[in-house]
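Presented below is the structure to which this report refers.
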Amino acid sequence: MPADMEVDRAPATDENTSHTDPSPNPTTPTFKTTVSHQPFYYFAITLAASAPAPAIDAAQYHAYIALVLRQWLGAVGGAVPVDVLHYAYPQATVRVPFDRRQAVWQAVTVTPFRLLGSDATASFRVLRASAFAMGVAAGSRTTQAALPTQ
């Protein structure tokens, strides 16, 4: 074991006594694992339009998400930071604060909007959602299909 690694040692107990021996037993190291609160939540979403519409860029996609949040949640929704991590029309991977995930999920799936420059109405659909980026980066079904078989 490296010299700079600290290990908490469990106190040794004697089977014949009910007290705990204060001397550490070097053969039984114990490790403490802490699972912390996740700061972000990730969504894979897609834009569904009622009629064929022109493709939009990532900035417009982000603007539509912000519009939907303002419509559904008011000024509070407009203040929710949304990061578009990956964009390939009509799908995107977005990151939102963990504590606002339910409100964002509701807003993007419930609120329809009109696309600028066309008569089409559109809405967002959540494809995948996870507290971890890898959970939305690759779907389990597509990953399994891409694996080589023997």
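The values are calculated or read from the model by the stated rules, or taken from the named source; none is laboratory data. Treat the numbers as computed from the prediction; the structure is a model and nothing was measured. Here the Cβ positions follow ideal geometry from the backbone for every residue, glycine too, while neighbour counts run over all protein chains shown. In case anyone asks, the SASA skips ligands and DNA or RNA and just uses the protein heavy atoms, side chains included. Shrake-Rupley method; radii C 1.70, N 1.55, O 1.52, S 1.80 Å.
Structural remarks
- Considering Gly117, Gly135, the condition of being at positive phi and not acidic (Asp, Glu) is satisfied by Gly117 alone.
- Whichever residue in the range 115-150 is of a type in the set (Val, Ile, Thr) and open to solvent by 90 Å² or more (accessible area, probe 1.4 Å) and, among such residues, is modelled with the lowest pLDDT: Thr149
- All positions within the range 90-114 that are part of a loop (DSSP other than H, G, I, E, B) and at pLDDT 90 or above: Pro90, Pro112
- First in the range 36-57 and closer than 20 Å to Ala137 by Cα, second anywhere and β-branched (Val, Ile, Thr) and surrounded by fewer than 19 Cβ atoms within 10 Å (Cβ to Cβ), Cβ under 8 Å, 6 or more apart: Phe43/Val126; Ala44/Val126; Ile45/Val126
- Whichever residue in the range 77-92 is farther than 22 Å from Met134 by Cα and touching a residue at least 24 places away in the same chain (Cβ under 8 Å) and, among such residues, is surrounded by the most Cβ atoms within 10 Å (Cβ to Cβ): Gly77
- For the range 93-105, the tally of residues that are among the polar types (S, T, N, Q) and surrounded by 14 or more Cβ atoms within 10 Å (Cβ to Cβ) stands at 1.
- Residue that is most open to solvent (accessible area, probe 1.4 Å), among those in the range 65-76 that are more than 24 Å from Ala138 (Cα to Cα) and in contact with a strand residue (DSSP E or B) (Cβ under 8 Å, 6 or more places away or on another chain): Gln71
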